[in-house]
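Data block below; observations after.
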Amino acid sequence: MPLNQVLVVDDEESIRWVLSKALTRQGLKVDLANCGSSAKKLLKENNYDLALIDIKMPDISGLDLLDELQTTHPGLSVIMMTAESSMKNAVEAMKRGAYDYITKPFDLDALDGIILKAQKIANTHAEVLRLKTAIKDQNKSERNIIGNSQPMQEVYKLLGKVSASDITVLITGESGTGKELIARAVHFNSKRVGQPFIALNCAAIPHELLESELFGFEKGAFTGATERKIGKFEQANGGTIFLDEIGDMPLELQAKLLRVIQEKEITRTGGNQSIDIDVRIVAATNQDLEKSVDEKLFREDLYYRLNVLPIALPALRDRAEDIPLLVDFFIRKANDEFGSEVGSCSDKGMELLVQNSWPGNIRELENTIQRACLLSQGQVLRTSDFPQLLDNASAGEENGSLEALIETKLRGSLAKKDIVEINDLYEMVLHQMERPLIRITLDKTRGNQVRAAEILGINRNTLRKKMQTLGIVVEKNGGE
């Protein structure tokens with residue numbers, strides 16, 4: 001960020017006046033202090049980018065104030081000033097961490113050069129800090145996206161395609177599937193990494209306030225607008241704006257968003273000046289936008305502008321094989337955040353987790369693991385640590401259809417296998433379903449194969465072949 005606010009500390013009024021004029025001329029905001037005590041008060045109340053401090057002051061030495069600032073304001077650049085151009089003062093000032101040192105009377109052109117140099121260094125430091133933060137956020141974002149299932153592999157492929165370009169992206173999926181994580185991954189893998197990523201949930205802000213949140217407003221634009229406010233689009237300039245729950249945006253605002261996409265400019269509320277912006281838009285929704293378009297609740301032209309390359313996130317129930325990985329991740333996360341000491345989840349506990357339908361998706365799973373880690377009495381999570389899931393499972397067994405029960409069991413069983421590597425999944429599952437069905441039917445008919453074949457609706461010879469193939473043996477009954 002450029003230098004903006006400067007503090008001048010000197011007990012001579014004429015020096016303060018000259019410096020104030022010179023710095024203001026460069027577009028800087030200047031505060032003045034006539035002693036060290038006044039300076040410390042201002043430093044507590046404001047964030048300064050640069051301070052010019054006289055070495056000799058009546059109450060506190062400028063060098064002592066410099067020492068204090070190294071601890072309290074480590075990022076502040078300090079230029080020391082003195083009327084005594086001794087080597088001792090110069091060496092001491094630089095040794096204590098001053099950015100530069102100038103002597104009185106000083107040439108204002110020379111001061112301008114020092115300020116310009118400080119400006120360049122501040123910009124470099126800000127850029128380094130921004131890149132460090134971006135790399136840290138990128139690593140964090142990528143670590144939080146968990147899943148090796150086939151549906152997630154398809155998501156990763158799309159991520160690679162959209163990240164290489166500046167194309168507008170629409171992320172769809174149920175609530176809790178991780179849409180913001182994917183949006184961040186789009187940003188951090190693009191050329192805009194290092195620039196701002198600004199997120200806004202369109203459903204969380206009242207409609208009448210959403211426009212000013214997006215585009216900002218000018219002072220006096222409406223009652224309560226006592227000063228200018230920069231909106232999310234300006235904050236995201238050069239980077240990415242993530243518009244979550246875009247389906248909840250009111251129609252009149254959709255028209256303005258469409259214009260922003262087309263013209264690449266915004267106008268603050270209450271203003272009449274167009275402001276150029278360079279922002280990539282990533283939107284997300286848990287709604288069926290095509291249906292919303294048909295119902296005239298969402299603009300068709302905006303939908304096609306956003307839906308250039310969609311990324312559809314799978315529900316957790318459709319990638320149940322990722323649940324063990326997610327559980328391990330959330331256990332470690334809970335341990336870090338809450339100091340719990342859970343090491344793993346038991347096989348039975350994991351089976352219960354895998355078989356649950358998770359209507360709240362990943363967010364619900366994380367909350368469940370967090371709660372279990374906090375309340376568990378041991379280092380291994382067991383079925384008893386998930387009482388709500390046990391209740392759900394019991395209710396499902398009592399009230400659920402046979403098809404639903406079979407699907408639940410299948411999900412749990414297949415989650416433990418890499419089904420991509422299996423070539424005969426249909427036959428494998430069919431045999432596992434047929435074997436108990438035939439056994440149960442034969443038990444009911446006390447081994448009478450004729451009657452069993454009738455109940456099953458197949459030929460007796462077919463039944464015999466299946467029994468032979470499946471290894472089913474029963475004692476011969478007189479009714480055969």
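Counting every other Cβ atom within 10 Å of each residue's Cβ, HIS207, HIS187, HIS73 order from fewest to most as HIS207, HIS73, HIS187. When the chain is described by a simple charge dipole with +1 on each Lys and Arg Cβ and -1 on each Asp and Glu Cβ, the residue from GLY360, THR71, ILE53 located farthest towards its positive end is GLY360.
Available extension along the chain between ILE458 and GLU13 is 149.5 nm, counting 0.36 nm per residue and deducting the alpha carbon span.
Spin-label model, ARG446 to ILE406: label points 7 Å out along the Cα-to-beta-carbon direction sit 2.9 nm apart. Counting every other Cβ atom within 10 Å of each residue's Cβ, ASP49, ASP112 order from fewest to most as ASP112, ASP49. Here's the picture: charge each Lys and Arg Cβ at +1 and each Asp and Glu Cβ at -1 in the chain, and of SER346, GLN388, ASN461 the one pushed furthest to the positive end of that dipole is ASN461. The aspartates and glutamates within cross-link reach of LYS179, meaning a Cα-to-Cα straight distance under 14 Å and a gap of 8 or more places when in the same chain, are GLU142, ASP244, GLU245.
Neighbour counts of other Cβ atoms within 10 Å put VAL327, VAL450 in the fewest-to-most order VAL450, VAL327. Using a Förster distance of 30 Å, how high is the FRET efficiency between ASP276 and GLN26, based on the Cβ-Cβ distance and rounded to 0.05? Working from the Cβ atoms, E equals 0.75. Measuring r between the beta carbons of SER37 and LEU253 and using R0 = 51 Å, the FRET efficiency lands at 0.50. Mean residue ellipticity at 222 nm, helices only, the chain: -16000 deg cm²/dmol; runs of at least 4 DSSP H residues each add -39,500 (n - 2.57), and the sum is divided by the number of residues. Seen against the Cα atoms of the chain and their longest principal axis, helix 251-263 is set at about 70 degrees.
With a Cα cut-off of under 18 Å and a minimum spacing of 8 residues unless on different chains, the lysine pairs in the stretch 5-123 number 12. Rounded to the nearest 20 debye, the dipole size of the chain about its Cα centre is 1200 debye, using +1 on the Cβ of Lys and Arg and -1 on the Cβ of Asp and Glu. Computed 3J(HN,Hα) for the stretch 296-301, one whole-Hz value per residue from the Karplus formula 6.51 cos²θ - 1.76 cosθ + 1.60 where θ = phi - 60°, is 6, 9, 9, 5, 5, 5, glycine and proline marked x.
Remark: the chain projects, on average over all directions, an area of 34.5 nm² (convex hull of Cα atoms).
For the stretch 5-123, what value does the Rg/Rh ratio take when both radii are computed over Cα atoms and Rh is the Kirkwood radius, given to two decimals? Here Rg/Rh amounts to 0.91.
Coordinate-derived values only; no laboratory data. The structure presented is a predicted model; accordingly, all values stated were derived computationally and were not measured. Positions of Cβ are backbone-derived with ideal geometry, glycine not excepted, and every protein chain shown enters the neighbour counts.
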